[in-house]
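Enquirer: Structure provided below as structure tokens; questions to follow.
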């Protein structure tokens with residue numbers, strides 16, 4: 001799920017927002033709450049939520065300052081700012097500093113909130129697809145090592161590209177089918193693309209491999225993508241785990257068709 005942090009000094013307002021939606025059915029979860037800007041900044045720095053819904057006017061650090069400090073830290077959380085009727089100057093400042101949008105508290109409804117979340121979800125998916133393209137040189141390198149071929153010059157070095165950070169909390173399922181000279185399509189491998197955030201395909205050697213990225217089934221479930229987590233070094237161990245899983249899938253495919261169990 002895309003993660004949401006609620007920031008509001010009035011507890012009953014936070015509760016009202018939390019209870020407005022069936023968040024999970026729309027791909028989001030309220031992963032935390034904060035009653036002050038200081039608490040919110042600590043939470044943002046620690047776990048980098050995808051979305052922050054924050055009141056603009058709060059005692060101490062207000063929503064504008066929270067947004068500014070978040071951007072200074074290089075964190076790209078989408079901010080939806082909550083404002084009252086007489087706070088449009090604050091709302092304008094929020095947009096100037098990169099807020100996604102501002103919403104009036106008095107007219108806040110599930111329809112309005114859903115519309116904004118849907119737009120944010122499309123942006124996040126677009127970023128994920130863009131980051132996914134940066135993984136292909138890595139796929140080429142690992143494939144060359146699995147198949148015993150010469151590593152192509154354009155392949156990524158055996159280290160994680162920066163784009164891999166987008167995938168650290170996602171679950172990866174790998175599937176492969178025999179496809180001949182032409183790449184297979186996901187449905188030919190029994191893959192329902194609507195179940196996944198991103199499905200990538202890689203075709204070589206008469207086989208098409210699909211990398212299917214999704215959220216973990218349960219909150220806090222360990223990621224099995226083989227990519228490192230935030231704060232961990234881009235160690236070879238994670239890539240070796242990824243390569244082992246890919247090799248296992250290919251061995252299973254070759255064993256089924258040719259009786260060959262080792263690549």
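Enquirer: Please work out if residue 82 is buried (at least 17 other Cβ atoms within 10 Å of the Cβ), assigned by TED's automatic domain parsing to the domain that holds residue 57, in contact with a strand residue (DSSP E or B) (Cβ under 6 Å, 6 or more places away or on another chain) and in contact (Cβ under 8 Å) with a residue 60 or more places away in the chain. Before you say what the answer is, go through the steps one by one.
Expert: On the way: buried (at least 17 other Cβ atoms within 10 Å of the Cβ): yes; assigned by TED's automatic domain parsing to the domain that holds residue 57: yes; in contact with a strand residue (DSSP E or B) (Cβ under 6 Å, 6 or more places away or on another chain): yes; in contact (Cβ under 8 Å) with a residue 60 or more places away in the chain: yes.
Yes: the conditions hold for residue 82.
Enquirer: Just checking, does region 88-104 include any residue being in contact (Cβ under 8 Å) with a residue 60 or more places away in the chain and assigned to a helix (DSSP H, G or I)?
Expert: Among the residues of region 88-104, not one is in contact (Cβ under 8 Å) with a residue 60 or more places away in the chain and assigned to a helix (DSSP H, G or I), which makes the answer no.
Enquirer: Here is a list: 104, 108, 125. Which entry is under 19 Å from residue 9 (Cα atoms), surrounded by fewer than 15 Cβ atoms within 10 Å (Cβ to Cβ) and in contact with a strand residue (DSSP E or B) (Cβ under 9 Å, 6 or more places away or on another chain)? Lay out the reasoning, then the answer.
Expert: On the way: 108 fails: surrounded by fewer than 15 Cβ atoms within 10 Å (Cβ to Cβ); 125 fails: under 19 Å from residue 9 (Cα atoms).
Of 104, 108, 125, the one residue that is under 19 Å from residue 9 (Cα atoms), surrounded by fewer than 15 Cβ atoms within 10 Å (Cβ to Cβ) and in contact with a strand residue (DSSP E or B) (Cβ under 9 Å, 6 or more places away or on another chain) is 104.
Enquirer: Further question: Restricting to region 1-30, name every residue that is under 21 Å from the mean Cα position of the chain (by Cα), in a helix (DSSP H, G or I) and surrounded by 15 or more Cβ atoms within 10 Å (Cβ to Cβ).
Expert: Across region 1-30, the qualifying residues are 23, 26.
Enquirer: Among the residues of region 129-166, write down those that are farther than 23 Å from residue 207 by Cα and modelled with pLDDT of 85 or more.
Expert: Correct list: 130, 131.
Enquirer: A further question on this structure: Does region 45-61 hold any residues that are over 18 Å from residue 117 (Cβ atoms) and either surrounded by 21 or more Cβ atoms within 10 Å (Cβ to Cβ) or in contact (Cβ under 8 Å) with a residue 40 or more places away in the chain (or both), and which are they?
Expert: Of the residues in region 45-61, the ones over 18 Å from residue 117 (Cβ atoms) are 45-47, 56-61.
Answer for region 45-61, where residues must be over 18 Å from residue 117 (Cβ atoms) and either surrounded by 21 or more Cβ atoms within 10 Å (Cβ to Cβ) or in contact (Cβ under 8 Å) with a residue 40 or more places away in the chain (or both): 47, 56, 58, 59.
The values are calculated or read from the model by the stated rules, or taken from the named source; none is laboratory data. Not measured: the values here are computed from a predicted model. FYI the Cβ positions are ideal-geometry reconstructions off the backbone, even for glycines, and counts take in every protein chain you see.
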